[in-house]
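J.: Pasting a structure here, questions to come.
The values are calculated or read from the model by the stated rules, or taken from the named source; none is laboratory data. For clarity, every value in this text was computed on a predicted model and none was experimentally measured. Every residue, glycine among them, receives a Cβ derived from its backbone with ideal geometry; neighbour counts consider all protein chains shown. Please note that ligands, DNA and RNA were not included when accessible areas were found on the heavy atoms of the full protein model with its side chains. Shrake-Rupley method; radii C 1.70, N 1.55, O 1.52, S 1.80 Å.
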Amino acid sequence: MDHIADAQRTDLMTITRFVLNEQSKHPESRGDFTILLSHIVLGCKFVCSAVNKAGLAKLIGLAGETNVQGEEQKKLDVLSNDVFIKALKSSGRTSILVSEEDEEAIFVEPSLRGKYCVVFDPLDGSSNIDCGVSIGTIFGIYMMQDNHEPVIEDVLQPGKNMLAAGYCMYGSSCTLVISTGSGVNGFTLDPSLGEFILTHPDIKIPKKGKIYSVNEGNAKNWDGPTAAYVEKCKFPTDGSSAKSLRYIGSMVADVHRTLLYGGVFLYPADKKSPSGKLRVLYEVFPMSFLLEQAGGQSFTGKERALDLIPTKLHERSPIFLGSYDDIEEIKALYAAEESK
């Protein structure tokens, strides 16, 4: 047994250690935020384990059947939702939870209330489970404005008011990417330790990328600027190389690749979905927050995505996010259209 190598492994930067280090930079902190994050991390580990077993559970006829306790085996997205709601409530640090799976916001009972609101998509891309494509959890954290009885307006805030945002991707490895407002860091789950280890410190998106990511099946319904931008990606007129198209169809996976390699991810409005398809609170905002923290940009076709003020919980919006220079090009095309 290599004791020296094992000793080295104990010097790893785990997510717990990382968050505690961040907390120590704020002497006034009481540790509430750290406790909330540790409960989110626990939820991610639980869902990661469930996702890895999903194919097998189906193979041996468990999904949709009843287990020994008489409980029905839940579909993964429902299970993930239950996991995160229980984890967030039991942290004792949340007041309002907004989930993609629930029509109404969940108001935490007074005895368990805290000062944070969490918006989340418990399992984004869940339609891809059966074909083994990466899926993930997306979350954003707001702080209650003051010590009043929680109301729905506490979560209907612009994305720029978020304290933290992140996603956990369940793929070939389990990767948690998070920002608390001072840069973006990526952690990978070490299954042998059951710990998330810092593997991608201070992620910075390249200023310009070589990849564009969009569902081209919707091309016939696009507006002028989107169609012009995609045409430019394929047939550049300035002598530069054409961009490569990469589209997985799972937002977490597409944004993760965009964050690491650069380029642009777009889900524009079109004639079929004039307000876009992606939800503002728990898809557009957290991903835009992360991209901006990594030096990129996000844009709705009209304004900076994080400046949007949502009016309903499950509101949708077009979104363009990615490398700084690439989003500048898209903005210029929309500005030109506007001035016609």
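J.: If I go through the stretch 115-128 residue by residue, how many of them are part of a strand (DSSP E or B) and buried (at least 20 other Cβ atoms within 10 Å of the Cβ)? Give the derivation first.
T.: Residues of the stretch 115-128 part of a strand (DSSP E or B): 115-124.
Checking which are buried (at least 20 other Cβ atoms within 10 Å of the Cβ) leaves us with 116-124.
Total meeting the criteria: 9.
J.: Within the group 300, 311, 237, which residue is within 29 Å of residue 103 (Cα to Cα), open to solvent by 50 Å² or more (accessible area, probe 1.4 Å) and more than 16 Å from the chain's Cα centre (by Cα)? Walk me through it before giving the result.
T.: Details: 300 fails: open to solvent by 50 Å² or more (accessible area, probe 1.4 Å); 237 fails: within 29 Å of residue 103 (Cα to Cα).
After ruling out the rest, the residue left standing is 311.
J.: Separate question: Applying the selection to the stretch 232-252, what residues are more than 18 Å from residue 319 (Cα to Cα), not in a loop (DSSP other than H, G, I, E, B) and not small (Gly, Ala, Ser)?
T.: Going residue by residue through the stretch 232-252, those that are more than 18 Å from residue 319 (Cα to Cα) are 232, 234-244.
Now narrow it down to the ones that are not in a loop (DSSP other than H, G, I, E, B): 232, 234, 244.
Selection gives 232, 234.
J.: Mind listing whichever residues of the stretch 76-108 are part of a strand (DSSP E or B) and without any contact (Cβ under 8 Å) to a residue 24 or more places away in the chain?
T.: Matches in the stretch 76-108: 97, 106.
J.: Additional query: Being under 18 Å from residue 192 (Cβ atoms), at pLDDT 80 or above, open to solvent by less than 50 Å² (accessible area, probe 1.4 Å) and assigned to a helix (DSSP H, G or I), is that true of even one residue in the stretch 50-65?
T.: No; the residues of the stretch 50-65 include none that is under 18 Å from residue 192 (Cβ atoms), at pLDDT 80 or above, open to solvent by less than 50 Å² (accessible area, probe 1.4 Å) and assigned to a helix (DSSP H, G or I).
J.: Tell me, please, whether a residue that is at pLDDT 95 or above, open to solvent by 30 Å² or more (accessible area, probe 1.4 Å) and not in a loop (DSSP other than H, G, I, E, B) can be found in the stretch 202-211.
T.: Applying the first criterion (at pLDDT 95 or above) to the stretch 202-211 yields 202-211.
The next check asks that each one be open to solvent by 30 Å² or more (accessible area, probe 1.4 Å); those that pass are 202, 204, 206-208, 210.
Among the residues that remain, those that are also not in a loop (DSSP other than H, G, I, E, B) are: none.
Checked against the condition, which is being at pLDDT 95 or above, open to solvent by 30 Å² or more (accessible area, probe 1.4 Å) and not in a loop (DSSP other than H, G, I, E, B), the stretch 202-211 yields no hits at all.
J.: Now for a different question. Just to be sure, is residue 35 in contact with a helix residue (DSSP H, G or I) (Cβ under 7 Å, 6 or more places away or on another chain) and either modelled with pLDDT of 85 or more or under 15 Å from residue 164 (Cβ atoms) (or both)?
T.: Working: in contact with a helix residue (DSSP H, G or I) (Cβ under 7 Å, 6 or more places away or on another chain): no; either modelled with pLDDT of 85 or more or under 15 Å from residue 164 (Cβ atoms) (or both): yes.
Here the answer is no, as residue 35 does not meet what is asked.
J.: Can you pull out the residues in the stretch 258-276 that are of a type in the set (A, V, I, L, M, F, W, C) and in a loop (DSSP other than H, G, I, E, B)? I'd like the intermediate steps shown before the answer.
T.: So in the stretch 258-276, the residues of a type in the set (A, V, I, L, M, F, W, C) come out as 259-260, 264-266, 269.
Correct list: 269 only.
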